[in-house]
Amino acid sequence: MSGLFDSSIALTGKVLDLRLQRQNLVASNLANVNTPGYKGKTLEFEDSLQKAIGKDARGKMTKTSKMHVPANFDPTTFSGRTIADFEPRVVHGENAVDIDNEMVTMTKNSLAYNALTQVITKSFKGMEKVIQAGAR
């Protein structure tokens, strides 16, 4: 049954999970915007994700053969890295969370999440068409 879904769906699902984690961290940062001494957190995963799926520094897929793309990515073992120990700019009397930056991060993350949900929805619609055609 594991062969039913190709690796791109597993990869997309993992990225959706990571984007959800990032959204939760941003929401936590925004909820604590007035908490004295609170340091905002962020989730970094894009660079390590590119390495995990075999992309080179220019963002191109590396190939092990002219006939195929590598399939060395395992979504079950990949996770993002939460960064909470960075030193933010501190203004006396102000919190370390910048509400404008958090809102920009939330908006960009939401747009990427919505785009990925559209991609995965189209993948499932394609499978649905194949199943319906095979049932005839």
Subset of region 7-57 (residues that are part of a helix (DSSP H, G or I), among the charged types (D, E, K, R) and either buried (at least 17 other Cβ atoms within 10 Å of the Cβ) or more than 13 Å from the chain's Cα centre (by Cα) (or both)) = K14, R19, R22, K51
State whether the residues of region 70-82 include one that is of a type in the set (F, W, Y) and modelled with pLDDT of 65 or more.
-> yes
Report yes if E94 is in contact with a strand residue (DSSP E or B) (Cβ under 8 Å, 6 or more places away or on another chain), more than 30 Å from I131 (Cα to Cα) and either modelled with pLDDT of 60 or more or not aromatic (F, W, Y) (or both), otherwise no.
-> no
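The values are calculated or read from the model by the stated rules, or taken from the named source; none is laboratory data. Predicted model, so just to flag it, every value in this text is computed and none were measured. All Cβ positions, glycine included, derive from the backbone under ideal geometry; neighbour counts span all protein chains shown.
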